[in-house]
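The structure under discussion appears below in the form of structure tokens.
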Amino acid sequence: MARPRVLSGIQPTADSFHLGNYLGAVRQWIALQDSHDAFYMVVDLHALTVHPSAPELRRRSRVAAAQLFACGLDPERSSVFVQSHVREHSELAWILICQTGMGEAGRMTQFKDKSAKAGENAAGVGLFTYPILQAADILLYQADQVPVGADQKQHLELTRDLAQRFNTRYGPTFTVPSAFILKEVEKITDLQDPTAKMSKSSSSPQGILDVLEQPGPLRKKVMRAVTDTGSEVVADEENKPGITNLLRIQSAITGTPIPELEARYAGQGYGTFKKEVAEAIVELFEPIRERTEKLLGDEAELDRMLAIGAAKARAVAAETMEKVRANVGFLPTAG
Ligand code: TYM
């Protein structure tokens, strides 16, 4: 039997992934490449919504791709590619835009948050149609599962609705995908504002742990993470969101269940605990940073790796689009 298919994407909108991207998404992508037919992409079309300069987009796309390989994605076992290398994404996005209601797109909380930040009427149409392009990314590959963090739940719901609607209107065309979300790491929070998710658009860089950051600043940020009143290292979402976030991080990295960590740090105060969390993070990120730097040192090889992924992706995308074009009623091209 064919292996189930997974697909996911990450935006090249920062100079590094952060710990939330890694624990909430990329780590699962690596694990799933052994059991699944895996497609992972750097979504450069989505990145245009925030208007990077051309050199910036090129640099960040390569940095993102290099990090994916450095984190453990294997070009032999997964298809790792850049979204713009597969033209069908934009083509399917238009067709899906025509299936989407204004109200439905306007309800997306990420759109509402981002457009509120941009200021009244300053948000671009790209931001509005962003989740529909994301639906196209997923449906193009007939993905069964989409490994993401909790912030993508609503976009996945829209994707499912669009797939079902399209299948009803035009006949069976798309696999209806489901989100693959690991509860324990679905929302890693900001070190300075532990009720908000860690995010590249966060107000203070002190709250974000970047994968490519040097050990010194990483340690400092963990030691200065906002903690809660009291001195017990115990998980308590309500009263101790800061400590709970650090426990979650430590548990995910070391594979030690939270109750075991609580027992280990009982009576020791926050200092010892934070020091060990910092070390776990430094140990995790250091080899990834070194491998990323090495990969970025040979752009031709990196581009070659991405070309392998794009070729595999194109084959699947072309097959889906052929079906979509016929099902919506586009005339076949003669000759
Ligand atoms: P992006 O680039 O914002 O984030 C990449 C992945 O990281 C997850 N993530 C987090 N998980 C846990 N805690 C956090 N603090 C945290 N911050 C980010 C995100 O949930 C995501 O899985 N719209 C997508 C990109 C995309 C996509 C797709 C994803 C485009 N097309 C198709 C899946 C399938 C995004 O903005 O990712």
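The values are calculated or read from the model by the stated rules, or taken from the named source; none is laboratory data. Being a predicted model, the structure only gives us computed values, none of them experimental. All Cβ positions, even for glycine, are placed from backbone atoms using ideal geometry, and neighbour counts span all protein chains on display. Note: accessible area is taken over every heavy atom of the protein model, side chains too, but ligands, DNA and RNA are not part of it. Shrake-Rupley method; radii C 1.70, N 1.55, O 1.52, S 1.80 Å.
At-a-glance table
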quantity	calculated
Amide hydrogen neighbours beyond the local backbone of Asp37, cut-off 5 Å, H modeled	Arg5, Val6
The chain, dipole about Cα centre (Lys/Arg Cβ +1, Asp/Glu Cβ -1), debye to the nearest 20	540
Listed residues Lys117, Lys312, Lys275, most fluctuating in the chain (Gaussian network, C-alpha, under 10 Å)	Lys117
Amide H contacts under 5 Å for Thr189, placed H, 5+ residues apart	Met198
Farthest positive-ward along the range 1-97 dipole, Cα basis, beta-carbon charges - from Asn21, Gln33, Ser84	Asn21
Given 13 as the ceiling on other Cβ atoms within 10 Å, longest exposed-site-free region of the chain for GluC sites (Glu not before Pro) in DSSP loops	121-236
Relative contact order (percent, whole number), the range 32-177, Cα cutoff 8 Å, 6+ residue spacing	22
Most positive-pole-ward Cα, Gln268, Pro287, Thr175, against dipole of the chain from beta carbon charges	Thr175
Estimated dipole of the range 175-237 in Debye, rounded to 20 [Cβ of Lys and Arg +1, of Asp and Glu -1, Cα centre]	300
Top of Ala118, Ala64, Ala163 by mean-square fluctuation, Gaussian network on the chain, Cα under 10 Å	Ala118
Distant alpha-carbon pairs in the range 224-286 (separation over 15 angstrom), percent	44
Heavy-atom accessible area ranking, 1.4 Å probe, most first, across Ser204, Ser61	Ser204, Ser61
Value at 222 nm in deg cm²/dmol, rounded to 500, when DSSP H runs of n ≥ 4 in the chain each add -39,500 (n - 2.57)	-16500 deg cm²/dmol
Rg/Rh for the range 250-299, where both radii come from Cα atoms and Rh is the Kirkwood radius	1.20
Choice from Ala318, Ala263, Ala136 with maximal GNM fluctuation in the chain (Cα, 10 Å cutoff)	Ala263
Accessible-area order (highest first, 1.4 angstrom probe) of the listed residues Arg87, Arg160, Arg291, Arg169	Arg87, Arg169, Arg291, Arg160
Estimated vicinal HN-Hα couplings, Hz - the range 140-157 in sequence order (Karplus 6.51, -1.76, 1.60; Gly, Pro = x)	4, 9, 6, 5, 8, 9, 10, x, 8, x, 4, 5, 9, 3, 5, 5, 5, 4
Calculated log₁₀ intensity ratio I(q)/I(0) where the Debye formula runs over C-alpha points of the chain, q = 0.08, 0.16 Å⁻¹	-0.40, -1.42
Quarter of Cα convex hull surface for the range 21-129, i.e. mean projection, nm²	8.4
Which listed pairs, of Lys117/Lys221; Lys114/Lys294; Lys117/Lys153; Lys112/Lys187, have C-alpha distances above 23 Å, in listed order	Lys117/Lys221; Lys114/Lys294
Largest to smallest accessible area among Met1, Met305 [probe 1.4 Å]	Met1, Met305
The range 184-254: mean projected area of Cα convex hull, nm²	4.9
Share, in percent, of DSSP beta bridges within the chain that are antiparallel, nearest 5	15
